[in-house]
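Novice: Sending over a structure as structure tokens; questions will come in a sec.
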Amino acid sequence: MFLMTAGIIAAAGLAFGFWFWWACATPSSTFFHPVVISNPHAGKRVALTFDDGPAQRFTGQVLDILREHKVPAAFFVCGKNVEDHPDLLRRIVAEGHEVGNHTYSHPYLFFKSKQRMAAEIDRTQATIEKVVGFRPNIFRPPYGARWFGLVPTLRERGMHLVMWSAAGYDWKKDAPGITAATMKELKPGAVILLHDGRETRAAAEIDRSRTVEALPAIIAGIRQRGYAFAPLRDFLPPT
Ligand SMILES: [Zn+2]
């Protein structure tokens, strides 16, 4: 009897653990309402997003490709990287792209206090404002990891929590693999996740050449399927 009860408790604990991990770490989880994952009402339009920049080589290369193909994108930048490369943030804005907040130092937000999360967000908002003169209204958590207190913190600042519905998995795939993964998850109103930069903790610059290599094929593939590119702001709910 004791063993059976212990077994049931252990199974329930395990099930809760899995569910809780899903709720905190899965891009499509709405446990921490509200969150922008995609916009199914957007018709055959998708929004491109790039995380972890700005970065010396790769942000410029991504911007060159976007300009050549006349594609808008949103860049979720880290405050620390903005301090290192303010000119690249100015170029992002000058070329008509959107800017989002991706924290200052790219920490996992799991088990972080509301104050710590607010400090990461506010420091980045101030850094961005100093460089380009405005504060973004969109935020994406590092690793897609959300924690208690994040949504109220964003709400107090009038910011949207933006996840994604399609990923190129460009942290582990080669260029054809990135293109294939992105195309596989394409649907009306998709928000596509790619990376132009690096985590601020990494000692060396992460190689994003595979993302850069894949980008023209991704743009061509999306257009071939009859989709257009839209700015992310078109997908946000009214505030
Ligand atoms: Zn990131």
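The values are calculated or read from the model by the stated rules, or taken from the named source; none is laboratory data. All figures in this text were calculated on a predicted structure; none of them were measured in a lab. All Cβ positions, even for glycine, are placed from backbone atoms using ideal geometry, and neighbour counts span all protein chains on display. These accessible areas exclude ligands, DNA and RNA; they are computed on the full protein's heavy atoms, side chains included. Shrake-Rupley method; radii C 1.70, N 1.55, O 1.52, S 1.80 Å.
Novice: May I ask you to list pairs of residues, at least six apart or on different chains, whose Cβ atoms are under 9 Å apart, with the first in the stretch 171-197 being within 16 Å of the ligand (Cβ to nearest atom) and the second being open to solvent by less than 60 Å² (accessible area, probe 1.4 Å) and of a type in the set (Lys, Arg)?
Specialist: Hits for this filter: Leu193/Arg140; Leu194/Arg208; His195/Arg208; Asp196/Arg208; Gly197/Arg208.
Novice: Which residues, taken from the stretch 121-142, are surrounded by fewer than 17 Cβ atoms within 10 Å (Cβ to Cβ) and of a type in the set (Phe, Trp, Tyr)?
Specialist: If the condition is that a residue be surrounded by fewer than 17 Cβ atoms within 10 Å (Cβ to Cβ) and of a type in the set (Phe, Trp, Tyr), then Phe134 is the only one that fits.
Novice: Which of the residues belonging to the stretch 35-64 are under 19 Å from Leu186 (Cα atoms) and at pLDDT 95 or above?
Specialist: Lys44, Arg45, Val46, Ala47, Leu48, Thr49, Phe50, Asp51
Novice: In the stretch 68-87, how many are within 16 Å of Leu194 (Cβ to Cβ) and away from the ligand (no atom under 16 Å from the Cβ)?
Specialist: Count: 3.
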